[in-house]
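The values are calculated or read from the model by the stated rules, or taken from the named source; none is laboratory data. This structure is a prediction, so every number in the text was calculated from the model and none was measured. Note that each Cβ is placed from the backbone with ideal geometry, even for glycine, and that neighbours are counted across all protein chains shown.
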Amino acid sequence: MSNALTVSVPEGVPFIDFEREFDYPVTEIFRAHRDPALVAQWLGPRGVNIDMDHYDFRTGGTYKYTHSDEEGGSFTFSGVFHTVRENEFAVQTFEFDGFRDVVSIEFLTFEDLGNGRSKLTGHAVYPTLEARDGMASTGMEDGMNDGYERLEETLAKAHA
């Protein structure tokens, strides 16, 4: 894909930032985050299966899903969508069972770039630097990159 994911893990502050442009309108990128059937097609790294327990992308909604890999590992994620504004913004909590008792707050901004393009920007805040460093060390950047490439592939299939 031509659109690179940029992830920043700044020194001395407990957050992770990312941004990624897409060759699709913001309405489609937002829909791909809202529709559980679409989310299941792209969320996570290549080579994992997803079991979607529930996924309700609306203000006050919750989610829980489990990724399983070919080696038999399973990784469960859950959270609450605190604010969702269609095609604009979402605030959610994010909890990974691999780091129990660590909850991050994530802010997602969906931006229309015009000409059928959009940008997704994320800001994740962790309770401590150690928690942030632990999450950053999991290979999350590779998983995010795979996932966003899969998102574009999913949308390309829908347009074929």
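Criterion applied to Phe94, Phe75 was being more than 18 Å from Lys119 (Cα to Cα) and in contact with a His (Cβ under 6 Å, 6 or more places away or on another chain), and the one residue passing it is Phe75. Just name the residue that is surrounded by the fewest Cβ atoms within 10 Å (Cβ to Cβ) out of those in region 137-160 that are at pLDDT below 90 and part of a helix (DSSP H, G or I). My answer is His159. Kindly indicate whether Arg117 is in contact with a strand residue (DSSP E or B) (Cβ under 7 Å, 6 or more places away or on another chain), surrounded by fewer than 17 Cβ atoms within 10 Å (Cβ to Cβ) and among the basic types (Lys, Arg). Yes.
Provide a single number: the residues in region 23-53 that are aliphatic (A, V, I, L, M), closer than 22 Å to Ala4 by Cα and under 14 Å from the mean Cα position of the chain (by Cα). Count: 6.
Scanning region 1-18 for residues that are assigned to a strand (DSSP E or B) and in contact with a Leu (Cβ under 7 Å, 6 or more places away or on another chain) yields a single hit, Phe18.
Those strands (runs of 3 or more DSSP E) of region 20-114 in which at least 3 residues are touching a Lys or Arg at 6+ places or on another chain (Cβ under 9 Å), considering only elements entirely within it, cover 49-55, 74-85, 103-114.
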